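The values are calculated or read from the model by the stated rules, or taken from the named source; none is laboratory data. What you see is a predicted model, and the numbers here were worked out from it, not measured in a lab. Here the Cβ is made from the backbone with ideal geometry for all residues, glycine too, and neighbour counts use every protein chain on show. Ligands, DNA and RNA are excluded from the accessible area calculation, which covers all protein heavy atoms including side chains. Shrake-Rupley method; radii C 1.70, N 1.55, O 1.52, S 1.80 Å.
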Amino acid sequence: MAPHAIAEAALGGLRQQLTGDAIAPGDPGYDEARAVFNGMIDRHPAVIAQCETGADVARAIRFGRENDLEIAVRGGGHSVAGMALNDDGIVVDLRRMHTVIVNPVERTARIGGGATMSHLDRACQPYDLATTGGRASTTGVGGFTLGGGSGWLERKFGLACDNLVAVELVTADGSTVHASADENPELFWALHGGGGNFGVATAITLKLHPLQAMSMMMLLFRPEEGLQVARAYRDFLSSAPDELGGGLFYLTGPPEPFVPDHLVGKLTCILLITYAGPEMEARNVAEPLLALPREAELIAELPYAELQCMLDDPPGQRNYWSAEYLAGFPDAAVDAFTARAGTMPVPSSSQHILFPMGGAVAAGPGDHPLPWRTAPWAVHPFGIWESPADDERAVEWVRDVRAGMRPWSIGTVYLNFIGLEGEDRVLAAFGEENYRRLAAVKTEYDPDNVFRLNHNIKPLQPAV
Ligand SMILES: Cc1cc2nc3c(=O)[nH]c(=O)nc-3n(C[C@H](O)[C@H](O)[C@H](O)COP(=O)(O)OP(=O)(O)OC[C@H]3O[C@@H](n4cnc5c(N)ncnc54)[C@H](O)[C@@H]3O)c2cc1C
């Protein structure tokens, strides 16, 4: 018997209880079931409960607790630190719970806890409805939304969590709780950024918005032009409409038809402009940026669900990312940002990203536990590479970007954009007052810290 194998009888009992399946080491499909986006994560759970219903989730949680197994919760598997997995514990795998029901009259979507952005976007597209989603179609709606949720539409429609209408949650004792503005409002508040700390979301209801047209302009520059482009972009954003999103990227020029030969496989600077509206309107609005001399461009009006897949990378590469949220982007910060493009590992799938914030992100609800939303800019070094031989260089590059941007940092950070960087970073992400309030909610719903494989909010210690 393997050292941490669960007794066959107990496993058989779980299998009988679940509508879904339970996969253990040695079972067919075990290795596929334990793979996550980040290829550096190689963990071996004792059992993976492939849940199909809320009742399955409750049974899996109870089974984990009765058998003293650490509990991990898996949605899209995109956490860079691999928090959807553990060694020798139980994984509550939600991926089969991906049904999305769109209500076009109320303009809402009820989304299964294991749905990906692609499930959501494709269900909404026929109704010309959309909401703020992550920039990769395979990201889980659950982890994304409960952590905050930043995407191309955020300046217009706010963060994903601003669009939360209701959450159905299975808590640490296996009971089902509903949270909305009217029901358990303190828990509802905590779910706006507090992640998976309070339970497993089996269904999430999000507000949708009419979106008749979406446009995208990708302008390609030589890296040495990046400094001028970044300054022009910064100045332009100070008065840009909220329909405009996107970001400034340095990346390895991909072998695509729109990329000129001299940039393929080489460091390339890309200004990506997304616009929630038709192409002609987008061109008018972005005129000052379209006046910049460039190497190539790709401009199109396209369905939002298609835009959402455009940056998809295959899973299984090696990942390390971090972020700094900036109080401003003065010339010295532009210099620091562009200088670090030159040290990025190339060729690789890594991206050195500047995201504009503002609009509905900054103007959004002040009562959510997310102080970083007031920052006008975010720098997101997104290291993705293939060979273990490049691990040190890639990780060092990400850390150097963080260090280089720290003079302009507001000191707080969006946790979905970072790995495990210590308790201080979690505290800073919410601020002390919010953290205390979140800890009180944690104490009520998960006093034993059963859900701790996340950016963990610790329950309050009982008074002695
Ligand atoms: C390629 C890529 C692109 C990304 N782009 C963006 C982006 O544009 N914007 C952005 O904001 N973020 C982005 N992210 C980050 C992403 O939002 C976070 O990694 C998020 O946590 C992923 O959620 P998941 O369900 O896919 O991941 P998982 O690894 O499955 O889960 C992450 C955490 O959330 C918890 N969790 C997941 N689902 C549930 C649930 N239903 N109930 C309770 N807890 C749950 C897990 O237990 C775990 O702690 C990106 C990540 C990748 C890999």
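For the range 14-50, which positions are farther than 22 Å from Met97 by Cβ and small (Gly, Ala, Ser)?
The answer is Gly26, Gly39.
Residue-wise test of (1) free of Cβ contacts under 8 Å to residues at least 40 places away in the same chain; (2) assigned to a helix (DSSP H, G or I); (3) assigned by TED's automatic domain parsing to the domain that holds Glu324.
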position	(1), (2), (3)
Gly358	no, no, yes
Ala362	yes, yes, yes
His380	no, no, yes
Asp390	no, yes, yes
Pro407	no, yes, yes
Lys458	yes, no, no
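List the helices (runs of 4 or more DSSP H) that sit entirely inside the range 102-163 and contain at least 2 residues that are surrounded by fewer than 24 Cβ atoms within 10 Å (Cβ to Cβ) and within 13 Å of the ligand (Cβ to nearest atom).
Working: elements: 117-124, 141-147, 154-157.
By residue number, 117-124.
What's the total number of residues in the range 150-196 that are within 16 Å of the chain's Cα centre (by Cα) and under 24 Å from Arg62 (Cα atoms)?
If we filter the range 150-196 for residues that are within 16 Å of the chain's Cα centre (by Cα), which is where we start, we get 150-154, 158-164, 191-196.
With under 24 Å from Arg62 (Cα atoms) added as a condition, the list becomes 191, 194-196.
Qualifying residue count, the range 150-196: 4.
Cβ-Cβ distance below 7 Å, separation of 6 or more or different chains: which pairs start in the range 190-204 with a residue that is without any contact (Cβ under 8 Å) to a residue 60 or more places away in the chain and open to solvent by less than 10 Å² (accessible area, probe 1.4 Å) and end on one that is more than 8 Å from the ligand (Cβ to nearest atom) and in a strand (DSSP E or B)?
Going by the 7 Å Cβ cut-off, the qualifying pairs are Leu191/Leu164; Leu191/Val167; Leu191/Ala179.
Glu243 - would you say it is in the same structural domain as Thr343 (by TED's automatic domain parsing), within 25 Å of the chain's Cα centre (by Cα) and open to solvent by 20 Å² or more (accessible area, probe 1.4 Å)?
Considered against the rule, which asks whether it is in the same structural domain as Thr343 (by TED's automatic domain parsing), within 25 Å of the chain's Cα centre (by Cα) and open to solvent by 20 Å² or more (accessible area, probe 1.4 Å), Glu243 comes out as yes.
May I ask you to say which residue of Ala240, Ala230 is under 18 Å from Pro356 (Cα atoms) and either polar (S, T, N, Q) or assigned to a loop (DSSP other than H, G, I, E, B) (or both)?
Ala240
Which pairs do you get when a residue that is free of Cβ contacts under 8 Å to residues at least 12 places away in the same chain, found in the range 242-263, comes within reach of a residue that is open to solvent by less than 70 Å² (accessible area, probe 1.4 Å), reach meaning Cβ atoms under 6 angstrom, with the pair 6+ apart or on two chains?
Pro255/Val264
Across the range 72-101, which residue is most open to solvent (accessible area, probe 1.4 Å) among those that are away from the ligand (no atom under 12 Å from the Cβ) and farther than 21 Å from Ala60 by Cα?
Selected residue: Ile101.
Can you find even one residue in the range 362-379 that is open to solvent by 50 Å² or more (accessible area, probe 1.4 Å) and under 16 Å from the mean Cα position of the chain (by Cα)?
no
Look through Thr252, Thr205 and report the one residue that is in a strand (DSSP E or B), among the polar types (S, T, N, Q) and under 28 Å from Asp128 (Cβ atoms).
Only one candidate qualifies: Thr205.
When you check Pro185 against the structure, is it more than 16 Å from the ligand (Cβ to nearest atom), modelled with pLDDT of 95 or more, surrounded by fewer than 21 Cβ atoms within 10 Å (Cβ to Cβ) and not assigned by TED's automatic domain parsing to the domain that holds His119, yes or no?
Considered against the rule, which asks whether it is more than 16 Å from the ligand (Cβ to nearest atom), modelled with pLDDT of 95 or more, surrounded by fewer than 21 Cβ atoms within 10 Å (Cβ to Cβ) and not assigned by TED's automatic domain parsing to the domain that holds His119, Pro185 comes out as no.
If you go through the range 24-69 one residue at a time, how many are part of a strand (DSSP E or B) and either touching a Pro at 6+ places or on another chain (Cβ under 9 Å) or surrounded by fewer than 23 Cβ atoms within 10 Å (Cβ to Cβ) (or both)? Spell out the reasoning first.
As a first pass, look at the range 24-69 and keep what is part of a strand (DSSP E or B): 47-50.
Right, trim to either touching a Pro at 6+ places or on another chain (Cβ under 9 Å) or surrounded by fewer than 23 Cβ atoms within 10 Å (Cβ to Cβ) (or both) and you get 47.
The qualifying residues number 1.
Which of the residues spanning the range 164-176 are more than 9 Å from the ligand (Cβ to nearest atom), in contact with a strand residue (DSSP E or B) (Cβ under 7 Å, 6 or more places away or on another chain) and open to solvent by less than 10 Å² (accessible area, probe 1.4 Å)?
Once the filter is applied, which keeps residues that are more than 9 Å from the ligand (Cβ to nearest atom), in contact with a strand residue (DSSP E or B) (Cβ under 7 Å, 6 or more places away or on another chain) and open to solvent by less than 10 Å² (accessible area, probe 1.4 Å), the range 164-176 yields only Thr171.
Condition test on Asp391, is it more than 26 Å from Gly245 (Cα to Cα) and open to solvent by less than 50 Å² (accessible area, probe 1.4 Å)? Talk me through it step by step, then tell me what you get.
Values: more than 26 Å from Gly245 (Cα to Cα): yes; open to solvent by less than 50 Å² (accessible area, probe 1.4 Å): yes.
It is true that Asp391 is more than 26 Å from Gly245 (Cα to Cα) and open to solvent by less than 50 Å² (accessible area, probe 1.4 Å).
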